[in-house]
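Worksheet: the structure to be examined is printed underneath.
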Amino acid sequence: MQYRRTSALLSLLFICILVTACSKTQDEPIYRNQIFAFGTIVELTLFNTNDETGDKLSSEIRLMMEEFHHHWHAWQNGPLTELNNALSDTKNKTKQYNVSTEDAKVINQALALAKTSDALFHPTLGKLIALWGFHKDEPNTVPPSAQQIVDTLNSLPSLEDISIENNTISNNGDKPIHFDFGGFAKGVIVDRTIRFLRQSGVENAIVNAGGDLRAIGSAGNRPWRIGIRHPRDLGVFASLTIDNDEAVFTSGDYERYFEHNGQRYHHIIDPRSGYPANTIASVTVVHNDSATADAAATALFIAGKQHWPRIAKSMGIEHVMIIDKENKVEITAKLAQRMEYEVTPPPNIEIRHLP
Amino acid sequence: MSANTKAISNSIASQRHDHIIAWFAALAIAIHVLESVIPSPLPGIKIGLANIVTIIVLVHFGWRTAAWVSLLRVLIGSLIIGSFLSPTFVLSLSGACASLIVIGLAYTLLGDKLSALGYSVLAAIAHILAQFWAAYWLFIPHDALFHLLPVLLTVAIITGIVNGILALAVQKRLKPLIYESIHTDEQPAKSSQ
Amino acid sequence: MTRPAITTLDMLLIAIAIAALPLAYQQLWGPNYRGTEVNILVTGQENQRHSLLRNQTLTVNGKLGDSVIRIKNGKAAFINSPCANKQCIHSGWLDRNGDTTACLPNRITLSVVGNGIARYDSVNF
């Protein structure tokens, strides 16, 4: 009898320990690191990777990103500024420039995306972005004058002015071409980083470059869960889980901005008006390729409330969520099925069908 | 008592024991099936009236009989409702097993220091925890499920108390009816220990 | 055989169960996924880890100058930074596992880490 009681007591203790052990979610074998690269914070989340491997990959990725940043930087002397100078030099009669096959591919993809986006994503807005000061770490504090904006708009080339053949880029018009791949380059480097991770044997990872990310694989027995920031609050507005390999890109008016006389001027400039696009607060695009997702997030933000479904259709994007300034949601049916809203009360949601 | 008479009394006792199990299991199954017809306000929330039977059997006839009654109820009940081997059945079974283990251990340790009320509350908590874990690991491995747990626990404690009080009330009426059978029944069971 | 009457131990058990309920609500509903430490990263420097339980004010030297980070009552925030638009300060107090903010111009990030799983593996912003 004594023996039975003791064993029962021990079993009960064992059960208690088991329950508390289970209810405490075990530490997952996830390596997390943040690095400064590409002018932003890049967060690496690698599943089943030890610290040593993670640190090694982090530093390699940092170097790769810095190299890429320098290569495609529109304002610091480097390969892209050389290209821009050559295409804008009035003394250069032919206004042609040879680039590597790899670079030609990037430029081609950007031009193709610009066309499908109705030129809302535009890779030659360099001068306009610079006029607003959004190319610097610290933006301007005063908006440019209306006249300056009109002048700059008039000096911008159209997409038809640019042609690319056998790695040779030509300026067929009479205006200077100043490529600026902001709104696209980040997508390209995220794709490259993912490719690098896969080559290094990492199949389950998230690369988050300053708020835009691509996630591959899963976190072991559960999918990666991504939060999407509230455009007007600190915190998460909605979340979704990643289906094996997807990029999630968000463009918002809260990312880079300055305020002047109570008016907010943010970094997503409408190439038609020369002013920040102003109908919504953020756009989230989910797509299998980061470069496309990046360009689409910018284009759809500019397209705004009225026209985004048409542009999304034209760019081949099926997963879009728009949050407007009143925190109302417009979302495609496909993304609506997967989105979970993390705000209370839940937002007003309208499902928009693509044409 | 000679070896011979002991064997006979054992066999009579075991026969009666079978009858008790069958009788109570049938009662529990009936309650189980009837309750399945009542719509539940939230998935996973049920009063679990059939557990009253398990608790009464536990305090009167011991853990082994209670285990038989409880497992037969889950098995045959699910066959009747048509949920055998379905998720509902798995959840039911894991709940039943966990409460049996917990009340079994508590019964060995505390015996009659706890009444049917205490056992009912213990059983309800063990039941819901096991069901929750089974649901989480087998069917919905989503962290959002944890938000439900406090609600489920609250309901479990309430239903545990309600069932416990009902069990006590039933016990009071049953007492004169089953007093004799307990004494003839528990004797061989105890002496075999 | 148990007497059909409520025992003291019954009442004790029920009292414990009911007393434990608010705890369950707090753990699973309340400020869940609470962080335990802050991780401060300055470009080119070792990571700094500080417990959220110890109130203190830290001065961190970044690219532009000194940023001031305060840890108070389990939360952490930038309270001063030499950047122009002070977005890091506007981010306010961080307390949940996974919360992150940064002063980009000064190259400093502040993130909260915890023991459990963060609600999100990564946040899109």
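Restricted to strands (runs of 3 or more DSSP E) entirely inside segment C:29-94, those with at least 2 residues that are under 30 Å from A:ASN140 (Cα atoms) are C:37-42, C:56-61, C:66-72, C:75-80.
Conditions tested, residue by residue: (1) assigned to a loop (DSSP other than H, G, I, E, B); (2) within 14 Å of chain C (Cβ to nearest Cβ).
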residue: A:ILE41; (1), (2): no, yes
residue: A:PHE68; (1), (2): no, no
residue: A:HIS71; (1), (2): no, no
residue: A:TRP75; (1), (2): yes, no
residue: A:GLU102; (1), (2): no, no
residue: A:LEU131; (1), (2): no, no
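Taken over segment A:223-263, the criterion of being open to solvent by 60 Å² or more (accessible area, probe 1.4 Å) and of a type in the set (A, V, I, L, M, F, W, C) is satisfied by A:LEU234 alone. A search for C-beta distances below 6 Å between a residue of segment B:20-37 that is closer than 12 Å to B:LEU71 by Cα and any residue that is open to solvent by 40 Å² or more (accessible area, probe 1.4 Å) and among the aliphatic types (A, V, I, L, M), counting only pairs 6+ apart in sequence or on different chains, returns B:ALA25/B:LEU72; B:ILE29/B:ILE76.
Out of A:ASP289, A:ASP324, report the one residue that is in contact with a helix residue (DSSP H, G or I) (Cβ under 7 Å, 6 or more places away or on another chain), open to solvent by 20 Å² or more (accessible area, probe 1.4 Å) and not assigned by TED's automatic domain parsing to the domain that holds A:LEU131.
The conditions single out A:ASP289.
If the condition is being in a strand (DSSP E or B) and more than 10 Å from every other protein chain (Cβ to nearest Cβ), then segment A:252-274 contributes A:HIS260, A:GLN263, A:ARG264, A:TYR265, A:HIS266, A:ILE269. Of all residue pairs spaced 6 or more apart or on separate chains, those with beta-carbon atoms under 7 Å, a first member in segment A:186-210 that is within 24 Å of A:ILE107 (Cα to Cα) and a second member that is surrounded by fewer than 20 Cβ atoms within 10 Å (Cβ to Cβ) and polar (S, T, N, Q) are A:ALA209/A:THR40; A:GLY210/A:THR40.
Can you name the number of the only condition in (1) in contact with a helix residue (DSSP H, G or I) (Cβ under 7 Å, 6 or more places away or on another chain); (2) buried (at least 20 other Cβ atoms within 10 Å of the Cβ); (3) within 30 Å of C:ASP121 (Cα to Cα); (4) modelled with pLDDT under 95 that A:ALA74 fails? With respect to (1) in contact with a helix residue (DSSP H, G or I) (Cβ under 7 Å, 6 or more places away or on another chain); (2) buried (at least 20 other Cβ atoms within 10 Å of the Cβ); (3) within 30 Å of C:ASP121 (Cα to Cα); (4) modelled with pLDDT under 95, A:ALA74 is out only on (3). Scanning segment A:1-46 for residues that are open to solvent by 30 Å² or more (accessible area, probe 1.4 Å) and modelled with pLDDT of 90 or more turns up just one, A:GLU43.
Taken over segment B:29-82, residues that are open to solvent by 20 Å² or more (accessible area, probe 1.4 Å) and outside any helix (DSSP H, G or I) amount to 12. Out of segment B:130-170, which residues are within 18 Å of B:ILE101 (Cβ to Cβ) and within 15 Å of the chain's Cα centre (by Cα)? Matches in segment B:130-170: B:ALA130, B:GLN131, B:ALA156, B:GLY160. Here A:ILE311 fulfils each of the conditions (1) assigned to a helix (DSSP H, G or I); (2) open to solvent by 10 Å² or more (accessible area, probe 1.4 Å); (3) farther than 24 Å from A:TRP132 by Cα apart from (2).
One line per residue, one yes/no per condition, for (1) more than 16 Å from the chain's Cα centre (by Cα); (2) open to solvent by 70 Å² or more (accessible area, probe 1.4 Å); (3) more than 9 Å from every other protein chain (Cβ to nearest Cβ):
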residue: C:LEU9; (1), (2), (3): yes, no, no
residue: C:GLU37; (1), (2), (3): no, no, yes
residue: C:SER67; (1), (2), (3): yes, no, yes
residue: C:ILE71; (1), (2), (3): no, no, yes
residue: C:GLY92; (1), (2), (3): no, no, no
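On the given criteria, is A:GLU330 at pLDDT 95 or above, part of a strand (DSSP E or B) and over 21 Å from the mean Cα position of the chain (by Cα)?
Criteria not met by A:GLU330.
When residues in segment A:215-246 are screened for being more than 10 Å from chain C (Cβ to nearest Cβ) and not in a loop (DSSP other than H, G, I, E, B), 3 of them pass. Only one of the listed residues (A:GLU160, A:GLU165) is farther than 30 Å from A:THR49 by Cβ, out of contact with any strand residue (DSSP E or B) (no Cβ under 6 Å at 6 or more places or on another chain) and free of Cβ contacts under 8 Å to residues at least 12 places away in the same chain. That residue is A:GLU165. Taking C:ILE108, is it out of contact with any Phe, Trp or Tyr (no Cβ under 6 Å at 6 or more places or on another chain) and either more than 25 Å from A:ARG214 (Cβ to Cβ) or more than 7 Å from every other protein chain (Cβ to nearest Cβ) (or both)? Considered against the rule, which asks whether it is out of contact with any Phe, Trp or Tyr (no Cβ under 6 Å at 6 or more places or on another chain) and either more than 25 Å from A:ARG214 (Cβ to Cβ) or more than 7 Å from every other protein chain (Cβ to nearest Cβ) (or both), C:ILE108 comes out as yes.
With respect to the conditions (1) within 30 Å of A:ALA146 (Cβ to Cβ); (2) open to solvent by less than 10 Å² (accessible area, probe 1.4 Å); (3) in contact with a helix residue (DSSP H, G or I) (Cβ under 8 Å, 6 or more places away or on another chain); (4) of a type outside the set (Asp, Glu), A:THR332 falls short on a single one, namely (1).
The values are calculated or read from the model by the stated rules, or taken from the named source; none is laboratory data. Bear in mind that the values here come from a model prediction, so they are computed numbers and not experimental data. In this analysis, Cβ positions are derived from the backbone assuming ideal geometry, glycine residues included, and neighbour counts consider all displayed protein chains. Side chains are part of the model used for accessible areas, which takes the heavy atoms of the whole protein and leaves out ligands, DNA and RNA. Shrake-Rupley method; radii C 1.70, N 1.55, O 1.52, S 1.80 Å.
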